[in-house]
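S.K.: My questions will all concern the structure given below.
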Amino acid sequence: MDFKPLASFIDQITSWRIPWAEVLVMHRNDTVFHYRNGYANLEEKTPIGDGAIFNLYSMTKIMTCVAGLQLVERGEMLLSDPLSDYLPEYADMTVKKTMANGEIRLEKATRAITVRDLFTMTAGFSYDVGSPSIREAVKRTDGTLPTRDFARALAKEPLLFEPGTHWNYSMCHDVLGALIEVVSGKSFGTYLRDKITGPLGMNDTTFNLNDEQQTRLIPQYAYNDELEKAVRLDGNGFRVGTELESGGAGLLSTVSDYARFLNTLTGLGTSTEGVRILSKASVELMRTDHLNEMTRGDYSWDHMYGYGYGLGVRTHISKAGSGSLSPLGEFGWSGAAGCMAIMDPDSELTVMYAQHLLNSQEPYVQRRLRNVIYSCL
């Protein structure tokens with residue numbers, strides 16, 4: 001293995017628009033490459049160092065879906081169960097329908113949202129965190145909006161389509177976090193600590209930083225095209241309540257900490273130390289393509305050509321479509337500020353890539369990064 005091209009790529013993008021970038025590559029449970037470059041703080045020219053904490057954003061979704069699958073494994077719920085069996089506010093949903101004359105009507109949904117719909121982004125939700133019902137709930141809870149209250153609020157919004165008939169990237173996994181609370185009887189954050197991060201020895205992956213961790217939270221930026229530079233933009237706009245443990249975008253972590261979790265999935269659910277968080281069967285179900293003839297056309301992001309969508313993850317299904325050097329079955333997801341996970345059980349390869357730049361340049365960076373990594377093996 002020669003990772004000089006990967007180091008050169010990291011150097012290239014950090015001299016371009018990305019303030020800092022870091023990549024950790026594991027092969028057969030050993031870290032074979034770990035490299036970073038750029039500035040954690042552009043204004044003060046502080047080099048990126050060990051233990052930097054950043055927003056995972058949507059890479060939270062991978063852990064949320066693992067937590068949900070644990071409950072499926074234990075027989076506490078089924079993917080085919082109606083969501084309203086556990087969250088009764090979702091029993092009688094309405095759907096926005098556009099008439100031939102352009103008029104929008106609200107009609108009673110004829111399909112029930114299932115637990116599977118939450119995993120597969122087919123429930124009919126949007127990603128409008130500023131919708132009227134959510135804004136009202138934030139005000140009513142004095143800005144706290146606990147996870148369960150968030151789910152109740154979202155249920156008041158009409159669906160964009162009949163559940164199961166389309167794929168739409170949305171707040172499905174935030175509702176999945178609330179479902180996990182109800183089924184497990186624990187707060188979502190407590191459940192993750194008890195069943196995933198604690199057993200794996202992940203001490204820096206959390207919704208709420210302690211005082212010491214807060215000192216390691218590094219600045220976040222957004223690239224400004226007019227100014228032709230990255231400008232400071234801290235905060236997590238998806239966490240609209242101080243007590244909302246967002247299953248879709250709320251976790252913070254470090255490169256090394258989250259790599260432990262990702263490598264456990266590469267190991268088909270069992271960590272290097274022998275800690276099992278999922279069965280092999282569940283990981284295989286997770287990375288199976290769950291799109292169908294109704295939903296496949298909706299999953300049309302350019303940088304996902306050749307990939308299907310599993311239970312909260314992209315999954316590689318066509319080398320001709322993707323142009324990717326990774327094998328079929330390679331899976332993972334990414335986050336709004338640019339972090340990306342690659343899990344590849346067949347190659348015994350795990351990659352944790354991180355940066356902290358909103359408008360992350362994902363379509364440019366991540367496809368190239370993946371190909372460079374596989375070319376180095």
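S.K.: Hey, could you check region 68-105 for residues that are of a type in the set (Asp, Glu) and more than 21 Å from His290 (Cβ to Cβ) and say which is surrounded by the fewest Cβ atoms within 10 Å (Cβ to Cβ)?
M.R.: Glu103
S.K.: Only one of these is of a type in the set (A, V, I, L, M, F, W, C) and within 30 Å of Asp149 (Cβ to Cβ): Met63, Met26. Name it.
M.R.: Met63
S.K.: Further, regarding this structure: Quick check on Phe54: is it modelled with pLDDT of 95 or more, within 19 Å of the chain's Cα centre (by Cα) and surrounded by 15 or more Cβ atoms within 10 Å (Cβ to Cβ)?
M.R.: Values: modelled with pLDDT of 95 or more: yes; within 19 Å of the chain's Cα centre (by Cα): yes; surrounded by 15 or more Cβ atoms within 10 Å (Cβ to Cβ): yes.
Against the criterion (modelled with pLDDT of 95 or more, within 19 Å of the chain's Cα centre (by Cα) and surrounded by 15 or more Cβ atoms within 10 Å (Cβ to Cβ)), Phe54 qualifies.
S.K.: Please state which of the following conditions Leu227 fails to meet, knowing it meets all the rest: (1) part of a loop (DSSP other than H, G, I, E, B); (2) under 28 Å from Asn37 (Cα atoms); (3) touching a residue at least 12 places away in the same chain (Cβ under 8 Å).
M.R.: All conditions pass for Leu227, except number (3).
S.K.: Being surrounded by 22 or more Cβ atoms within 10 Å (Cβ to Cβ), closer than 27 Å to Pro199 by Cα and touching a Lys or Arg at 6+ places or on another chain (Cβ under 8 Å): is that true of Gly267 here?
M.R.: Details: surrounded by 22 or more Cβ atoms within 10 Å (Cβ to Cβ): yes; closer than 27 Å to Pro199 by Cα: yes; touching a Lys or Arg at 6+ places or on another chain (Cβ under 8 Å): no.
Answer is no for this residue.
S.K.: Does Thr254 satisfy the criteria of being within 16 Å of Met63 (Cβ to Cβ), in contact with a Pro (Cβ under 6 Å, 6 or more places away or on another chain) and either surrounded by fewer than 23 Cβ atoms within 10 Å (Cβ to Cβ) or not assigned by TED's automatic domain parsing to the domain that holds Gly177 (or both)?
M.R.: On the way: within 16 Å of Met63 (Cβ to Cβ): yes; in contact with a Pro (Cβ under 6 Å, 6 or more places away or on another chain): no; either surrounded by fewer than 23 Cβ atoms within 10 Å (Cβ to Cβ) or not assigned by TED's automatic domain parsing to the domain that holds Gly177 (or both): yes.
So Thr254 fails the test.
S.K.: Please state which one of Ala230, Ala259, Ala249 is farther than 30 Å from Leu179 by Cβ and of a type in the set (Gly, Ala, Ser).
M.R.: None of the other options fit; the residue is Ala230.
S.K.: Need pairs with beta-carbon distance below 8 Å; first residue acidic (Asp, Glu) and within region 32-58, second loosely packed, with under 14 Cβ neighbours inside 10 Å; sequence gap 6+ or separate chains.
M.R.: Glu43/Arg232
S.K.: Sticking with this one: Consider region 170-199. How many of its residues are buried (at least 18 other Cβ atoms within 10 Å of the Cβ), more than 15 Å from the chain's Cα centre (by Cα) and outside any helix (DSSP H, G or I)?
M.R.: So the answer is 1.
S.K.: Condition first: surrounded by 16 or more Cβ atoms within 10 Å (Cβ to Cβ), within 18 Å of Gly68 (Cβ to Cβ), touching a Gly at 6+ places or on another chain (Cβ under 8 Å) and among the hydroxyl-bearing types (Ser, Thr, Tyr). Can you find one or more residues in region 108-115 that meet it?
M.R.: Yes: region 108-115 contains one or more residues that are surrounded by 16 or more Cβ atoms within 10 Å (Cβ to Cβ), within 18 Å of Gly68 (Cβ to Cβ), touching a Gly at 6+ places or on another chain (Cβ under 8 Å) and among the hydroxyl-bearing types (Ser, Thr, Tyr).
The values are calculated or read from the model by the stated rules, or taken from the named source; none is laboratory data. The structure presented is a predicted model; accordingly, all values stated were derived computationally and were not measured. Don't worry about glycine lacking a Cβ; one is built from the backbone with ideal geometry, like all the others, and counts go over all protein chains shown.
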